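Colleague: Structure in structure tokens, see below.
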Amino acid sequence: MMTDPIADMLTRLRNAGQAGHRWADMPVSRMKIEIARLLAENHFVFGYKVLDDGAHGVLRVYLKYRDEGRPIIRHIERFSSPGRRRYVGREDIPRVRNGLGMAILSTSRGVLSDRTARKEGVGGEVLAIVW
């Protein structure tokens, strides 16, 4: 059993980018699909696809690279963890790299980026930080 599936997803994306792979495969869940959707909407990855492997399914995230071959995702880390949940109010949502990065929040209105959460005026658990 895996203790933190979101941290596992972020680690798989980080490792695939450093190795120069075109995509990263991982076990699928609704939360991971929402995180992949946010990464695609904010142009950190090309997109994602849910594949049927006959058992539970696989989430495939297609990575994006710069012209010189470096990955677009330079830094991706888990902010909140199962052992220490970190919640923020709407006025305390972190700004990542002065708006160049993104914080991913789990809110009462679903999984949102920091910009969307600020616009809607909701806080929540900060899942990850990407830049």
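The values are calculated or read from the model by the stated rules, or taken from the named source; none is laboratory data. Just so it is clear, the structure is predicted and the values come from calculations on it, not from any experiment. As a convention, Cβ positions derive from the backbone with ideal geometry for all residues, glycine included, and neighbour counts pool all protein chains shown. For the accessible areas, the whole protein counts, side chains as well, though only heavy atoms, and no ligand, DNA or RNA atoms are used. Shrake-Rupley method; radii C 1.70, N 1.55, O 1.52, S 1.80 Å.
Colleague: If you rank Thr3, Thr116, Thr107 by how much accessible surface each has, with a 1.4 Å probe, what is the order from largest down? List each step's numbers first, then the result.
Modeller: Values: Thr3 115, Thr116 50, Thr107 20 Å².
The ordering from most to least exposed comes out as Thr3, Thr116, Thr107.
Colleague: Of all DSSP beta bridges in the chain, what percent run antiparallel (nearest 5)?
Modeller: Details: 27 of 27 bridges.
Among the beta bridges of the chain, antiparallel pairing accounts for roughly 100 percent.
Colleague: I'd like the Kirkwood hydrodynamic radius of the chain, using the inverse of the mean 1/r over distinct C-alpha pairs, in Å. List each step's numbers first, then the result.
Modeller: Details: mean 1/r = 0.0662 Å⁻¹.
Every distinct Cα pair counted, the radius reaches 15.1 Å.
Colleague: Only Lys, Arg, Asp and Glu count, each charged at its Cβ (+1, +1, -1, -1), so figure out the dipole size of region 77-129 about its Cα centre, rounded to 20 debye. Before the final figure, lay out each step's value.
Modeller: Working: 11 positive and 6 negative charges, 8 e Å.
It works out to roughly 40 debye.
Colleague: Note down the nm distance, to one decimal, between modelled labels 7 Å out along Cα→Cβ at Arg115 and at Thr11.
Modeller: It is 3.1 nm.
Colleague: Then there's this: How do Tyr62, Tyr48, Tyr87 stack up against each other in accessible area, from largest to smallest, with a 1.4 angstrom probe?
Modeller: Numbers: Tyr62 65, Tyr48 85, Tyr87 155 Å².
Putting Tyr62, Tyr48, Tyr87 in descending order of accessible area: Tyr87, Tyr48, Tyr62.
Colleague: Net charge near Gln18: determine it from the other residues with C-beta under 13 Å of the C-beta of Gln18, scoring Lys and Arg +1 and Asp and Glu -1. The partial results should precede the final answer.
Modeller: Numbers: positive: Arg12, Arg14, Arg70, Arg74; negative: none.
Once positives and negatives cancel, what remains is +4.
Colleague: Next question, about the same structure. How big is the Cα convex hull of region 11-53 in projection, averaged over all directions, in nm²? Intermediate values should be presented prior to the final figure.
Modeller: Details: hull surface 12.7 nm².
One quarter of the hull surface, i.e. the mean projection, equals 3.2 nm².
Colleague: Dipole magnitude of region 20-131 about its Cα centre, charges +1 at Lys/Arg Cβ and -1 at Asp/Glu Cβ only, in debye to the nearest 20?
Modeller: Working: 21 positive and 13 negative charges, 45 e Å.
It comes to approximately 220 debye.
Colleague: Report the net charge of residues surrounding Ile33, where surrounding means a beta-carbon distance below 13 angstrom and charges are Lys +1, Arg +1, Asp -1, Glu -1.
Modeller: +3
Colleague: Shifting gears a bit: Projecting each Cα onto the charge dipole of the chain (Lys/Arg +1, Asp/Glu -1 at the beta carbon, about the Cα centre), which of Asn98, Tyr48, Ala24 comes out farthest on the positive side?
Modeller: Value: Asn98.
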